[in-house]
Amino acid sequence: MFFKIIILFLFQFFFFFSFSSAQTSTKNKSFFLENSSFSHSDNSTFPLNLHCIDSSQHDSIIDSLEIRYGKNKEIPEKYKLAILIALSYYSELIETPITFKECAIKTTLNARPTISSLCFKNKSKRSYVVRINNSQKEGMITIDEVPFNASIGIFAHEFSHFVDYQNRTFRGVLQRLWAYTSKKRKAMYEKEIDSMTVARGLKWQMYDWSYYAIFQSDASESYKLFKKNTYLKPKEILEQN
């Protein structure tokens with residue numbers, strides 16, 4: 001137990017101060033394709049590899065999405081549709097407690113298990129926190145500036161982290177934490193998570209997210225370089241099966 005308590009401080013440091021998400025623009029369109037028809041299935045799951053999910057076309061289904069995917073979730077109203085659509089690709093997280101908090105952080109989003117659930121609960125019973133940056137600091141991009149289609153990709157990336165954590169013991173999560181102490185290991189880890197997200201059927205949402213962050217955003221050049229070196233680049237996303 002003493003070992004776990006020591007690790008808590010390291011865990012918070014690395015997860016609170018590491019970059020974990022890319023950033024995007026204000027239009028509710030895909031940068032690659034403007035539109036795609038949407039056919040909602042009986043179990044409220046979106047089709048795989050849908051090119052563009054437009055918020056104006058899907059506001060009417062938010063209630064049904066919340067009934068199915070909003071259990072044990074604390075979600076800010078203005079991000080609810082994007083979050084619920086992203087969650088619809090992660091059936092493993094239907095019962096998982098997730099709290100979304102707005103606060104001033106150094107990147108668009110970051111996410112982690114809660115310390116208490118990591119230390120004292122079975123891996124299948126953990127709860128999680130997603131922190132959403134609300135700082136207006138120059139060179140940073142908030143989720144409010146992210147186009148809807150790309151914001152789904154950003155949230156989904158964090159949910160892929162949660163699925164990864166669910167499959168790991170306390171020690172396994174610490175091994176993931178250890179990856180953040182090295183740029184090379186961190187890049188390998190984040191690219192693996194990107195690939196997991198693409199495999200869920202969110203290739204185009206990930207593409208929009210990555211493309212804007214690197215080529216069209218007002219993010220600082222240092223952040224853009226970090227994005228290029230740490231996550232899958234747009235071309236690499238398109239090459240994913």
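Any read-out appearing in this document is the output of simple, stated calculations on the displayed coordinates, not a laboratory observation. No experiment lies behind these values; they were computed from the predicted model shown. Neighbour counts run over all protein chains shown; Cβ positions are idealised from the backbone, glycine included.
Rounded if a/c is under 1.5, else prolate if a/b is larger than b/c, else oblate: which is segment 83-166, with a ≥ b ≥ c the root eigenvalues of its Cα gyration tensor? Provide the component values of the computation, followed by the final result.
Details: a/c = 2.86, a/b = 1.51, b/c = 1.90.
It comes out oblate by the Cα gyration axes.
Counting charges near residue 211 (Lys, Arg +1; Asp, Glu -1) among other residues having Cβ under 11 Å from its Cβ returns a value of +2.
Exposure proxy shown here: for 196, 140, 206, 188, the number of other Cβ atoms within 10 Å sets the order, fewest to most, as 188, 196, 140, 206. Size of segment 57-238 from its Cα atoms: along the principal axes, largest to smallest, the extents are 43, 40, 32 Å. Taking each of 123/233; 183/224; 73/233 in turn, the alpha-carbon distance tops 26 angstrom for 123/233; 73/233.
Modelled spin labels at residue 239 and residue 60, positioned 7 Å past Cα toward Cβ, are 4.2 nm from each other. Residue by residue, segment 114-120 carries 3J(HN,Hα) couplings of 5, 4, 5, 6, 5, 7, 10 Hz when phi is fed to the Karplus relation 6.51 cos²θ - 1.76 cosθ + 1.60 (θ = phi - 60°); x denotes Gly or Pro. The H on the amide N of residue 102, modeled in the peptide plane, is under 5 Å from the matching H of 132, each at least 5 residues off or on a different chain. Per-residue 3J(HN,Hα) values for segment 163-172, derived from phi via the Karplus relation 6.51 cos²θ - 1.76 cosθ + 1.60 with θ = phi - 60°, read 4, 4, 5, 4, 8, 10, 6, 3, 5, x Hz in sequence order (x marks Gly and Pro).
Loop-located GluC sites (Glu not before Pro) across segment 157-241 with a Cβ neighbour count of 13 or fewer within 10 Å are 239, with loop assigned by DSSP. Here the residues 73, 106, ranked from fewest to most Cβ neighbours within 10 Å of their Cβ, fall in the order 106, 73.
In order along segment 210-216, the Karplus-derived 3J(HN,Hα) couplings, from 6.51 cos²θ - 1.76 cosθ + 1.60 at θ = phi - 60°, round to 5, 4, 5, 4, 7, 10, 10 Hz, and Gly and Pro are given as x. Taking amide hydrogens as placed 1.01 Å from N in the peptide plane, the amide H of residue 128 sits under 5 Å from those of 98, 99, 114, each at least 5 positions away in sequence or on another chain.
Could you list the GluC sites (Glu not before Pro) in segment 44-120 that lie in coil according to DSSP, counting only those with at most 12 other Cβ atoms within 10 Å of their Cβ? Please report the intermediate quantities before stating the final value.
Values: sites: 66, 74, 77, 92, 95, 102; in loops: 95.
Those satisfying the criteria are 95.
Taking segment 107-163, which trypsin sites (Lys or Arg not before Pro) meet the DSSP loop condition and have no more than 15 other C-beta atoms within 10 Å?
Details: sites: 121, 123, 125, 126, 131, 137; in loops: 121, 126, 137.
Answer by residue number: 121, 137.
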